[in-house]
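Trainee: Structure below; questions to follow.
The values are calculated or read from the model by the stated rules, or taken from the named source; none is laboratory data. As the structure is a computational prediction, the values presented were derived from the model and not from experiment. Virtual Cβ from ideal backbone geometry, glycine too; neighbours counted across all protein chains shown.
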Amino acid sequence: MNLSRVLWLLAVSLVGPGCREAPQEERIPMTLQVTSSAFGEGETIPAKYTVDGQDISPPLAWSNPPSGTASFALICDDPDAPRGTTWVHWVLFNLPADMRELKEGVPAEGTLGNGARQGKNNHFSNVGYGGPAPPLGKPHRYFFKLYALGTKLDLPAGVSKDQLLAAMKGHALAEGRLMGKYQRGAVHPAPPARSPMGAAWLSLGGRRGAWLPNRYPGCILASA
């Protein structure tokens, strides 16, 4: 028996029957066109829609969905977050099937007036939209992913992205994406965390998790 055969058998025995290839994500037809009047595909997201500005959700519009669409779901996330994580910025579902746009500034409420519900983002698990807040350095990509679903989801407000994806499985008829970028080029000063002003800043400006005080006084770190 040659050496390569021995090594192959050894590898198989070490992997064992309990190890299986990770399941692939569900393939969904990319037939929806998602656009924004604020930025184009691959363009910079205006600061207005980030934690450096008003931190409100951007306007979005989309094309007609396939026949049988009962609702829409939306996820916005950043795959370029530190430590190889994907940072979730928005989870929204049960948007009415006759909707074709979202105005800017969707309220940060669990249930909206049209019956749609919002889940948790990664900004301290707040409900609603949490804008880009990348650390200094390379630009981050932010994917606004819209799904046309053949059903309305029986989920409460405040669910996570993973919970939404699990509930959507088998119901997605079409998907569309819009990617925008955002980059920071300067450190934003913050009051010392232990000072009264710093405490107030943490309770107000830090409520979305946009800024995190680090061990260096007067400096802050961004999330994603």
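Trainee: Checking residue 103 against (1) out of contact with any helix residue (DSSP H, G or I) (no Cβ under 7 Å at 6 or more places or on another chain); (2) surrounded by 18 or more Cβ atoms within 10 Å (Cβ to Cβ), which test does it fail?
Mentor: Every condition holds for residue 103 apart from (2).
Trainee: On to the next question. What are the pairs with Cβ atoms under 7 angstrom where one residue, in region 94-115, is at positive phi and the other, located anywhere, is assigned to a loop (DSSP other than H, G, I, E, B) and surrounded by 13 or more Cβ atoms within 10 Å (Cβ to Cβ)? Sequence gap at least six, or different chains.
Mentor: As it stands, the answer is 94/116; 94/152; 94/153; 105/56; 105/57, since those pairs meet every condition given.
Trainee: Let me ask something else. Inside region 154-182, can you point out the residues that are hydrophobic (A, V, I, L, M, F, W, C), in contact (Cβ under 8 Å) with a residue 60 or more places away in the chain and assigned to a loop (DSSP other than H, G, I, E, B)?
Mentor: Hits for region 154-182 are 155, 159.
Trainee: Moving to a separate point now. Could you list all residues from region 1-37 that are in a loop (DSSP other than H, G, I, E, B), modelled with pLDDT of 95 or more, surrounded by 12 or more Cβ atoms within 10 Å (Cβ to Cβ) and out of contact with any Asp or Glu (no Cβ under 7 Å at 6 or more places or on another chain)?
Mentor: Of everything in region 1-37, those that are in a loop (DSSP other than H, G, I, E, B), modelled with pLDDT of 95 or more, surrounded by 12 or more Cβ atoms within 10 Å (Cβ to Cβ) and out of contact with any Asp or Glu (no Cβ under 7 Å at 6 or more places or on another chain) turn out to be 33, 36.
Trainee: Residues of region 159-191 being small (Gly, Ala, Ser), at pLDDT 95 or above and surrounded by 14 or more Cβ atoms within 10 Å (Cβ to Cβ), which ones?
Mentor: Looking only at region 159-191, we keep the residues that are small (Gly, Ala, Ser), and these are 160, 166-167, 170, 172, 174, 176, 180, 185-186, 190.
Then keep just the ones that are at pLDDT 95 or above; that gives 160, 166-167, 170, 172, 174, 176, 180.
If the condition is that a residue be small (Gly, Ala, Ser), at pLDDT 95 or above and surrounded by 14 or more Cβ atoms within 10 Å (Cβ to Cβ), then 160, 167, 172, 174, 176, 180 are the ones that fit.
Trainee: How many residues, within region 59-69, are within 17 Å of the chain's Cα centre (by Cα) and in contact (Cβ under 8 Å) with a residue 60 or more places away in the chain?
Mentor: Matching residues across region 59-69 total 1.
Trainee: Give 94, 122, 114, 126 a once-over and let me know the one that is touching a Pro at 6+ places or on another chain (Cβ under 9 Å) and of a type outside the set (Ser, Thr, Tyr).
Mentor: After applying the criteria, what remains is 114.
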